[in-house]
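One structure below.
What follows is calculated from the coordinates using simple rules that are stated; it is not laboratory data. Please read these numbers as outputs of a predicted model, since none were measured by experiment. Positions of Cβ are backbone-derived with ideal geometry, glycine not excepted, and every protein chain shown enters the neighbour counts.
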Amino acid sequence: MIFYILYKIGEFIALIFPLKMAYMVGIFFSDLHYLFAWKDHANVAANLKAIFPEKSIQEIKAMRLRMSRNFAKYLIDFFRFSRLDKNNIKKFLHTKNLHYIDNALKNGKGAIILTAHIGNWEVGGVGMALLGYDIGVVALSHRHGSVDKFFIAQREQKGVSVLPLGRAARDCLKFLRENKIIALVGDRNFGSKGTLIDLFGLPTYLPEGPAVFSLKIGTPIIPAFVLRNPDDTHTLTFEKPIEFTPTGDKDNDLLELMEKYKLVIEHYIKTYPEHWFMFRKFWAEQEK
């Protein structure tokens with residue numbers, strides 16, 4: 001219950017103040033939390049150091065603080081979803097290369113949007129729904145039921161279909177066969193099954209879902225990431241669909257396809273580390 005109350009307080013703050021002031025309040029509490037969340041800080045610092053071994057401790061700390069403040073803004077944006085509608089979404093969210101999605105849907109097999117915990121992926125899902133696309137997102141259920149209902153309501157109020165992790169495989173296949181879009185994060189394995197892949201030269205488990213669905217139906221995988229602009233609007237950029245021709249060797253095809261799209265994830269994490277919201281230990285060897 002305490003988590004639900006905290007989220008509702010956050011929503012109240014985000015909605016009662018003008019956006020810039022809401023960001024300032026969010027950053028204030030983020031900096032306050034920053035003083036005490038030692039475990040999160042250690043995890044983030046270890047992740048960043050693995051990616052940037054050449055950077056000093058002070059540089060890593062500064063990067064970590066900026067990431068924490070960006071995450072505060074991410075939460076404020078999430079709490080303000082009720083303010084977004086079809087009339088103002090294009091002022092808040094700009095799109096690049098949306099034609100990759102439109103072209104994919106012409107083939108009748110849906111589209112798989114591959115993203116990561118970079119920028120504001122939640123805004124991307126809501127934005128696509130408000131732009132008129134049928135989109136479903138796979139979401140991990142929160143351990144507190146009231147919080148889970150709050151998160152689902154925030155997404156569904158704008159037309160996003162939330163596909164619970166427990167039955168995600170069936171729902172995702174259904175969506176694709178109906179020529180709809182599914183959005184999946186590819187940088188964190190939530191389920192019990194994942195594939196060990198080298199990311200930045202270190203092994204970690206990445207989710208198989210995007211590759212499995214693509215190989216099963218022939219749906220293209222289109223990487224997409226939502227990044228914050230200096231004026232606090234966002235840009236949703238779609239990259240070229242991943243080019244891959246299956247050989248028929250299921251295990252090898254799965255691994256090869258994942259190796260292809262992990263390169264895009266690496267590029268975005270490396271380029272925008274202060275927008276990569278990964279608060280857990282990321283690499284397999286760190287979890288031992």
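At a glance:
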read-out	value
Residue-averaged 222 nm ellipticity for the chain, from DSSP H runs of 4+ at -39500 (n - 2.57), nearest 500	-15500 deg cm²/dmol
Amide H contacts under 5 Å for Val138, placed H, 5+ residues apart	Leu163, Ala183
Entries of Lys73/Lys262; Lys90/Lys240; Lys49/Lys86 with Cα pairs more than 32 Å apart	Lys49/Lys86
Residues with amide H under 5 Å from that of Leu199, placed H, sequence gap 5 or more	Thr204
Region 73-138-region 1-68 distance, computed between alpha-carbon centres (Å)	24 Å
Whole-Hz couplings from phi, Karplus 6.51/-1.76/1.60, listed for region 138-153; x for Gly and Pro	8, 10, 6, 5, 6, 5, 9, x, 5, 5, 4, 5, 4, 5, 4, 5
Distant-in-sequence amide H partners of Thr95 (H built 1.01 Å from N, under 5 Å)	Leu236
For the chain, built as a Gaussian network whose Cα springs stay under 10 Å, the top-fluctuating residue of Pro18, Pro273, Pro220	Pro18
Computed over region 70-134: relative contact order in percent, which uses C-alpha pairs under 8 Å that are six or more apart	47 percent
q = 0.15, 0.29 Å⁻¹: log10 I(q)/I(0) that the Debye formula gives for region 90-153, counting C-alpha atoms only	-0.59, -1.43
P(r), alpha carbons of the chain - 5 Å bins starting at zero, rounded %	1, 5, 11, 16, 19, 18, 14, 9, 5, 1, 0, 0
R0 of 30 Å, Cβ-Cβ distance Trp38-Leu6: FRET efficiency to nearest 0.05	0.95
Whichever lysines have a C-alpha closer than 16 Å to that of Lys216, once near sequence neighbours (fewer than 8 apart) are set aside	Lys109, Lys174, Lys180, Lys250
Highest-first arrangement of 5-17, 244-256, 111-123, where packing means the average Cβ count within 10 Å	111-123, 5-17, 244-256
Anisotropy class of region 1-124 from Cα gyration tensor, a/c 1.5 cut	oblate
